[in-house]
Amino acid sequence: MSKKDGVRQTFVLHPFTDTQRDSLGKFELVRDVSQPGLKDVKRSTFVSFHQLAELYAKGLLEEFGFSVRMCPGKGTYPAKLPAKKILPTSIKPGSSFDLEVQKVDVSKPAPRELRTALLRTNVKI
């Protein structure tokens with residue numbers, strides 16, 4: 001909801017297709033990181049569609065407090081794209097993302113690429 005005028009806005013996941021190199025077509029995850037004696041900072045990393053599904057399936061987004069960068073479904077509000085926590089219950093049953101989450105074998109360890117991406121946010125799995 002807009003802080004200025006209270007207008008409700010629908011947000012959808014936005015793959016960052018306007019970026020270059022390794023983040024092309026990936027989702028941005030954002031996490032607040034606290035360090036003793038230092039100011040809290042936000043750290044972010046980019047993950048693929050499948051990696052995001054794996055994080056949801058294993059419950060790691062909730063466990064480590066990750067938010068997903070969003071963009072508005074219509075219009076240009078807001079000026080700065082917000083990061084929102086998306087609960088697994090918000091995933092539409094039967095959607096392509098829901099089907100990808102169901103394919104994940106949670107008994108297997110996370111692949112090296114995903115572990116490396118999460119290290120940028122001070123998370124070791």
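The values are calculated or read from the model by the stated rules, or taken from the named source; none is laboratory data. Predicted, not measured: the structure shown is a model, and the values here were computed from it. Using ideal geometry, Cβ is built from the backbone for each residue, glycine included, and neighbour counts are taken over all protein chains shown.
Any residue in region 78-85 that is touching an Asp or Glu at 6+ places or on another chain (Cβ under 8 Å), modelled with pLDDT under 75, surrounded by 15 or more Cβ atoms within 10 Å (Cβ to Cβ) and not in a strand (DSSP E or B)? No, that holds for no residue.
Sub-7 Å Cβ pairs linking a first residue in region 92-116 that is part of a loop (DSSP other than H, G, I, E, B) to a second residue that is surrounded by 11 or more Cβ atoms within 10 Å (Cβ to Cβ), at least 6 apart or interchain, are K92/D98; V104/A53; V104/E54; V104/A57; V106/A57; V106/K58; A110/E54; A110/I125, ordered by first then second residue. Has region 4-12 got at least one residue that is in contact with a Lys or Arg (Cβ under 7 Å, 6 or more places away or on another chain), surrounded by 10 or more Cβ atoms within 10 Å (Cβ to Cβ) and either in a loop (DSSP other than H, G, I, E, B) or modelled with pLDDT of 75 or more (or both)? There is no residue in region 4-12 that is in contact with a Lys or Arg (Cβ under 7 Å, 6 or more places away or on another chain), surrounded by 10 or more Cβ atoms within 10 Å (Cβ to Cβ) and either in a loop (DSSP other than H, G, I, E, B) or modelled with pLDDT of 75 or more (or both). Restricting to region 22-66, name every residue that is aliphatic (A, V, I, L, M) and either without any contact (Cβ under 8 Å) to a residue 24 or more places away in the chain or not in a strand (DSSP E or B) (or both). Across region 22-66, the qualifying residues are L24, L38, V41, L52, A53, L55, A57, L60, L61.
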